[in-house]
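This report refers to the structure that appears directly beneath it.
Here, each number is a calculation from the coordinates, and none is a lab measurement. Here the structure is a predicted model, which is why all the values come from computation and not from measurement. Positions of Cβ are generated from backbone atoms using ideal geometry, with glycine treated the same way; all protein chains shown enter the neighbour counts.
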Amino acid sequence: MKKLVVKWLCVTLGTLLIPLCMKKAVPPRESVAVPTSVPAQETRTEPDTVRVYLSGSGKTVTLSLRDYVVGVTAAEMPVSFEHDALCAQALASLTYTLYQQKHPKRELADGAQLSDDPASYQAFWTEEEMRRRWGDDYDANYEKICRAVDEVIGYEIVYEDEPVAAAFHAISPGRTESAENVWGSGMPYLVSVESEGDSVSAKYRSSLTVNAKEFKAKLGLDTDDAPEDWLGDAAYSDAGTLLTVEIAGKTFSGQELRRIFGLQSAAITLTCDGGSFTFDVKGYGHGVGMSQYGADYYARQGMTWREIIAHYYPGTSIVERSPTIQS
């Protein structure tokens, strides 16, 4: 199983954390200090460090694991979310960090273990970025994030005694997707589960309409048939992801269409009306692992962060971890 994990990481984790939150992180500036108005749990966090490449400044910095997870949680989940949702996000981000330290997917500058590029790793906000975005609410928001991080900083999510690849995304189509249907290789804890609260999000549905000429050019179609005859059979997963669709004799996956047309997810219904094509889309993100809006919904229904993690990563355990000193 450990060999499978490493192999799966090399193939898939490059897209593990693409568009996971409802807001994009602004590249951090040179200031990377995270304030300490809320003290860390010293016996658990002080030895832990992580080296992070900051794409905005082109610098690699060494941060305490606790400060890094604070910056990631702030960037990846709206601070307005419930405490237990923020705890679940912090623990998922922390566990992903531990996983990445053990299984780096590529070499980064100056010995960095992660980057702040959310397309490949996790978003990260510096103190300066948090102050800029939160303004007068900075102190209250920062303390709220710290309370969540400090509640989970001494734990990790494991499967067969190893930290898991704790994927997460913004909004599912109503069920999360299995890793196999998104990245071509499955993981026993990244499987489809119900996420009933996602549909209440304002960004649950989206659509895009393009004319036939643009549609044909972007897909590289070679046909003289009328546009209404281009669409063929389509196959869907149980979670609603478009697996494959025939278009003018060519086969496309939902993930390909999402990338080509910049759609919010691959849970796509494609229709043709005369000279135009419309993509009706549900969800936001790749759909694997924890749904952030689903986590907030469950927290509002009374679920604890432990229950949220158990729901979205079935078969895993939450265990106390020992601090590690990174070289």
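Summary of values
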read-out: Value of D in µm² per second that Stokes-Einstein yields for segment 205-282, Kirkwood Rh from Cα pairs, at 20 °C (1.002 mPa s); value: 173
read-out: Per DSSP, loop chymotrypsin sites (Phe, Trp or Tyr not before Pro) in segment 68-113 with at most 10 further Cβ within 10 Å; value: none
read-out: Relative contact order [Cα under 8 Å, 6+ residues apart], segment 205-282, whole percent; value: 36
read-out: Those GluC sites (Glu not before Pro) in segment 163-262 that DSSP places in a loop and that have at most 13 other beta carbons within 10 Å; value: none
read-out: Sorted by Cβ density within 10 Å, fewest first, the residues S199, S93; value: S199, S93
read-out: Part-to-part distance (alpha-carbon centres) for segment 144-160 and segment 51-86, which is given in Å; value: 13
